[in-house]
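Note sheet for the following structure.
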Amino acid sequence: VSVQKLHRTGYHFQPKKHWINDPNGPFYFNGYYHLFYQYNPKGAVWGNIVWAHSVSKDLINWIPLEPAIFPSKPFDKYGCWSGSATVLPGNKPVILYTGIIDKNNTQVQNYAVPANLSDPYLREWIKPDNNPLIVAEKGVNKTAFRDPTTAWLGADKQWRILLGGRNKDTGMSFLYKSKDFMKWNKAEKPLHSVAGTGNWECPDFFPVAEKGNKNGLDASTNNKNGKHVHKVSLDATRYEYYTLGSYNAEKDEYVPDKTSPDNWKGLRLDYGNFYASKSFFDPSKNRRIYWGWANESDAAEDDVRKGWAGIQLIPRRIWLDSNGKQLLQWPVEELETLRGKKIHLSDVAMKKGDKIEVKGITAAQADIEVTFSFPNLDKAEPFDPSWANLDAQDVCAKKGSFVHGGLGPFGLATLASQNLEEYTPVFFRVFKAADKYKVLMCSDARKSSLKNEKGWYKPSFAGFVDADLADKKLSLRSLIDNSVVESFGAGGKTCMSSRVYPTLAIYKNAHLYVFNNGTETVTIKTLDAWSMRRPKQMN
Ligand code: FRU
């Protein structure tokens, strides 16, 4: 199959061809970042899963290596599924991953270690013969028993990991403990479980520094009075949610904060196409970084025709918001090294219906940061009380960018054709509810492509933004890259990613506009937009 170039990304992580899914086992070791990912070496649909491997000095330029872990032993003969890396004391990386041992998808947990620690790329990995380390005990569903986390060390000198799974319809993160990393015992209780959420995949669990502190913490940091994050990927709905909470390390109890809804209505790292995400602590820059996978939103036949499917989104630094109620996220600073030609605007007032083109940059491959200001909130439209039970995505479907409002909709029309036959608007709309203002942020793919085949997924992704409106400003950053738009609202409070497949708005025919479709005048306080280069090396 020849690989179709159209819609391939310019600066997002993707291999030359074939299917990819979850990011696996990211870690930093002796000057290199390692990224593994679920990969089908034989085609553009899911199957034949191995751990593909790439290394990088900067998270942007990547050197592709041969697959690190692939089926070869009885304990992983039918697949090498997701997992995590832990760097053990003495700077010794070890990977824990899920092996599939039969045609019924029976799952066990294995480990692998580098064959040669003095190889800077750690190309070759060994799967010792004392695998598997963990098998499902009686009564546990062995086909929903996978995706080990990075291990953390407790004060009792025991290692701990989580595994995702379920008991009937109750999603859970099983807790296992070990003194030597080899013999693992299941704790009596899962670390966490929630009835009605279905199977949990790719759990993640880690401490965060105090409110507003951008530094990350290693998984084993004793964070007694601080907060932890517990993230899961919901198999049933194909999106994720996280809670912030307190972790009692002596009792191994995790209690989510009251401010974090602990169900499918929970806080999300991304309200769009983002799944099976994984974080790691980067000791070289003292930060925690999240990787998320975005699959294609078109039909499987199109993936096969394209010869490729799936990308990793730009890695994001994460930290605890100064309000203590949510995480903030921002693309890693290294991305800025790809910024080329720049356009700057400031203090441009936009009346209702105004549309300003940002000219002079490559609109199909760009990075834009914009801050909007408005005189007051008086014109915010009422929030219909009958929407109380709707989620943001449904509200966005009712009130898209073209439905005129009061304060908003205003924002960016990305990947737009000249006359807006196609565009993906990323925008805000401010509503006045009974007791407070509600800020809606949307990344609406419904008009992203004239192509309208069955199987195309063009949702009006959206989330509410817990923004402080006191200074009467809202900011937005969007990373546009041919078939993906990744957006960060209000400094990373609400983020969402869309995959889109324009037919007209491609390469040089893509345009970028700033628009206001609300009665209140909105001012572009500052706008900086850059053409984005390709990395020098990308798989
Ligand atoms: C999530 C997932 C994981 C599993 C892997 C298999 O996307 O289903 O639970 O380990 O993908 O490729």
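The values are calculated or read from the model by the stated rules, or taken from the named source; none is laboratory data. Since the model is a prediction, treat every value here as computed from it, not as a measurement. All Cβ positions, glycine included, derive from the backbone under ideal geometry; neighbour counts span all protein chains shown.
Restricting attention to the range 136-162, the residues that are within 16 Å of the ligand (Cβ to nearest atom) and either modelled with pLDDT under 95 or not charged (D, E, K, R) (or both) add up to 11.
Scanning the range 274-296 for residues that are within 15 Å of the ligand (Cβ to nearest atom), in contact with a Leu (Cβ under 8 Å, 6 or more places away or on another chain) and part of a strand (DSSP E or B) returns SER277, TRP291, GLY292, TRP293, ALA294.
Quick one: in the range 216-242, of everything that is outside any loop (DSSP other than H, G, I, E, B) and within 12 Å of the ligand (Cβ to nearest atom), which residue is farthest from the chain's Cα centre (by Cα)? Talk me through it step by step, then tell me what you get.
Here is the first cut: in the range 216-242, the ones outside any loop (DSSP other than H, G, I, E, B) are 216, 227-234, 239-242.
Then keep just the ones that are within 12 Å of the ligand (Cβ to nearest atom); that gives 232-234, 239-240.
Details: VAL232: 12, SER233: 11, LEU234: 14, TYR239: 10, GLU240: 9 Å.
If we take residues in the range 216-242 being outside any loop (DSSP other than H, G, I, E, B) and within 12 Å of the ligand (Cβ to nearest atom), then LEU234 is farthest from the chain's Cα centre (by Cα).
Can you give me the number of residues within the range 160-173 that are within 15 Å of TYR247 (Cα to Cα) and in contact with a Lys or Arg (Cβ under 8 Å, 6 or more places away or on another chain)?
So the first thing to find is which residues in the range 160-173 are within 15 Å of TYR247 (Cα to Cα), and the list is 160-162, 173.
With the extra rule that they be in contact with a Lys or Arg (Cβ under 8 Å, 6 or more places away or on another chain), the set shrinks to 160.
Total meeting the criteria: 1.
When the range 314-369 is filtered for residues that are within 25 Å of THR521 (Cα to Cα), more than 22 Å from the chain's Cα centre (by Cα) and among the β-branched types (Val, Ile, Thr), the ones remaining, listed by number, are ILE343, VAL348, ILE356, VAL358. Quick one: in the range 50-77, of everything that is in contact with a Phe, Trp or Tyr (Cβ under 6 Å, 6 or more places away or on another chain) and β-branched (Val, Ile, Thr), which residue is nearest to the ligand (Cβ to nearest atom)? Checked the range 50-77; the qualifying residue nearest to the ligand (Cβ to nearest atom) is VAL50. Every test in (1) within 16 Å of the ligand (Cβ to nearest atom); (2) not in a loop (DSSP other than H, G, I, E, B) is passed by PRO207 save one, and that test is (1). Residues that are within 23 Å of ARG238 (Cα to Cα), modelled with pLDDT of 95 or more and of a type in the set (Ser, Thr, Tyr) within the range 450-477 comprise just one, SER460.
A single entry from THR149, THR106 fulfils the requirement of being more than 27 Å from the chain's Cα centre (by Cα), surrounded by 15 or more Cβ atoms within 10 Å (Cβ to Cβ) and of a type in the set (S, T, N, Q): THR106. Count of the range 29-46 residues, restricted to those that are of a type outside the set (Phe, Trp, Tyr), within 17 Å of ARG305 (Cα to Cα) and either without any contact (Cβ under 8 Å) to a residue 12 or more places away in the chain or near the ligand (Cβ under 10 Å from one of its atoms) (or both), is 1.
Tally the residues that are of a type outside the set (A, V, I, L, M, F, W, C) and near the ligand (Cβ under 9 Å from one of its atoms), restricting the search to the range 78-93.
Total satisfying the criteria: 3.
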